[in-house]
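Structure record follows, encoded as structure tokens.
Every number here is computed from the coordinates shown, using simple stated rules; none is lab data. Just so you know, these numbers come straight off a predicted model, no measurement behind them. Note: ideal-geometry Cβ built from the backbone for every residue, glycine included; neighbour counts use all protein chains shown.
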Amino acid sequence: MKRYNQVGLLYFIIHFLVEITSFYVLTSYFSTPIVWGLCLLYDSLAFVPQGFFGFLRDKGIRVNFAVLGTVLTSLSLVLLHFDVNAIIVIISVALGNCLVHIHGAELTLRSSPGKIAPSAVFVSGGSFGVVTGKLLSTHGVAVPWILTLNLLTFIPIFIAEKLKAGDGEENLKQYHFSNEKINGVAVVLLATFVVIVRAYMGYGIPTTWNKTELQTVLLYCSMGVGKGLGGILADKIGIRLTALISTVGALPFMIFGAEQMEISLIGIAMFSMTMAVTLALIVSRLQHYPGIAFGFTTVGLFAGSLPFFFYRVQSVTVNDIIITLLTVPCVVILWIICAKPKKNPSDQTAIPEETESLQTVKKENDI
């Protein structure tokens, strides 16, 4: 396995473990009257500051944010165990989650020579960790067991650091997923807009079939698979086709799968591919600032989810209409700002007839 894929896999594990801790802690407060405010506080601190910490990493700060983040998430479990004020616990776990996220994003992007798959695989680990953390909390698993799991995070963190080679600047220069004819600022802003819209849509996807723990696990697993698959496909078949699959392709499955789990899961997996697409677009225009690039996506996710803290559309029909209408601008934007598919490699290496003749003459003269 190539080194950059190893880093991506290691951070998949790290992300999985940190989300177990984060959602174990968060779920522990679901029965409290202030759960709404705690969730909003968590999202604010876990998502919004990532661009700032990413900027510090981009500027060469030598602090290992993944280590610091794991210390904070471990501290949050200790504070939870001793029944410290909920706000302090949430601040600790959210900031820890934030730091681990941004370190993983920056390291996977710098380690890979223009491939988005390692970063997508890293991000996908979170979905599996979220549902695991929720279930462990719901079933009353004791804090010491979760703390032990969380401390194991240090092992893959240190292994990943050993695999790091240089500052990765040459690798960053190889990200070319965006349409280079479009202004760079426009690409970043439009891609962030797509993140916001898709985050909002994600909360409105009708899943009335989701009534058991197993179905919840399958739901989150389909999200995780989709996020990772989006990066793999973007590298293999091109970003524009991947974008179409995750928007136009996902739409009928999401709408007609409201009552059918199997159909819905396919749509959710395809929908989740957009994460890799938007990250690839932004980092292609902020090549020397992968931390800030990732920060744009996390701020977009927070902005898109914010309305649901205040109001939720209950009607499945209305949600279907909203999802359909919002898909249209996303398709148009992504079609414009995504790079066109590369020509067939065989076409690029084909030797023109004239050149072949000249080479034949040259060989005869040499003989």
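Calculated from DSSP H runs of 4 or more alone, at -39500 (n - 2.57) each and per residue, what is the 222 nm mean residue ellipticity of the chain, nearest 500?
When only DSSP H runs of four or more count, the value is -24500 deg cm²/dmol.
From the Cα trace of region 18-89, what convex hull volume per residue do you get, rounded to a whole Å³?
Convex hull of Cα atoms, per residue: 84 Å³.
Taking N as the number of residues in region 206-322, what is its alpha-carbon radius of gyration divided by 2.2 N^0.38 Å?
Against the compact-globule rule of thumb, the ratio is 1.14.
Calculate the dipole size of the chain relative to its Cα centre from +1 charges on Lys and Arg beta carbons and -1 charges on Asp and Glu beta carbons; express the result in debye to the nearest 20.
300
Which chymotrypsin sites (Phe, Trp or Tyr not before Pro) in region 285-330 sit in a loop by DSSP (not H, G, I, E or B) and have at most 14 other Cβ atoms within 10 Å of their own Cβ?
Sparse-neighbourhood loop chymotrypsin sites (Phe, Trp or Tyr not before Pro): Phe310, Tyr311.
In whole angstrom, how far apart do the alpha carbon centroids of region 19-70 and region 297-344 sit?
One Cα centre to the other: 24 Å.
Taking the radius of gyration and the Kirkwood hydrodynamic radius from Cα positions alone, what is the Rg/Rh ratio for the chain, to two decimal places?
Numbers: Rg = 22.2 Å, Rh = 21.4 Å.
Expressed as Rg/Rh, it is 1.04.
Ser178's amide H: which non-local residues (gap 5+, or another chain) put their own amide H closer than 5 Å, with H modeled 1.01 Å from N in plane and none for Pro or chain starts?
The answer is Ala339.
Assuming a ≥ b ≥ c are the square roots of the Cα gyration tensor eigenvalues, decide whether region 1-169 counts as rounded (a/c under 1.5), prolate (otherwise, with a/b larger than b/c) or oblate.
The shape class here is prolate.
Pick from Phe55, Phe30, Phe12: which is most flexible by mean-square fluctuation in a GNM of the chain where alpha carbon atoms under 10 Å apart are linked?
So, out of Phe55, Phe30, Phe12, the one fluctuating most is Phe30.
Let me make sure I get this right: for region 154-252, a, b and c are the square roots of the gyration tensor eigenvalues over alpha carbons, sorted descending. Under 1.5 in a/c it's rounded, otherwise prolate if a/b > b/c, else oblate. Which is it?
Oblate shape, in that a/c is at least 1.5 and b/c is the bigger or equal ratio.
Taking loop as defined by DSSP and a crowding limit of 10 other beta carbons within 10 Å, which trypsin sites (Lys or Arg not before Pro) in region 99-195 fit?
Loop-located and lightly packed - Lys181.
How would you rank Asp58, Asp83, going from fewest to most other Cβ atoms within 10 Å of each one's own Cβ?
Final ranking by Cβ density, sparse to dense: Asp83, Asp58.
Tally Lys and Arg at +1 and Asp and Glu at -1 over the other residues with C-beta under 14 Å from the C-beta of Ile232: what net charge comes out?
Working: positive: Lys2, Lys115, Lys227, Lys236; negative: Asp235.
Here the count lands on +3.
Quick one: angle between helix 86-111 and the longest Cα principal axis of the chain, in degrees between 0 and 90, rounded to 10, please.
10
Using θ = phi - 60° and the Karplus relation 6.51 cos²θ - 1.76 cosθ + 1.60, list the HN-Hα couplings for region 243-259 in order, rounded to whole Hz, with x at every Gly or Pro.
Once rounded to whole Hz, the list reads 4, 5, 4, 7, 10, 5, x, 6, 3, x, 5, 5, 6, 7, x, 4, 10.
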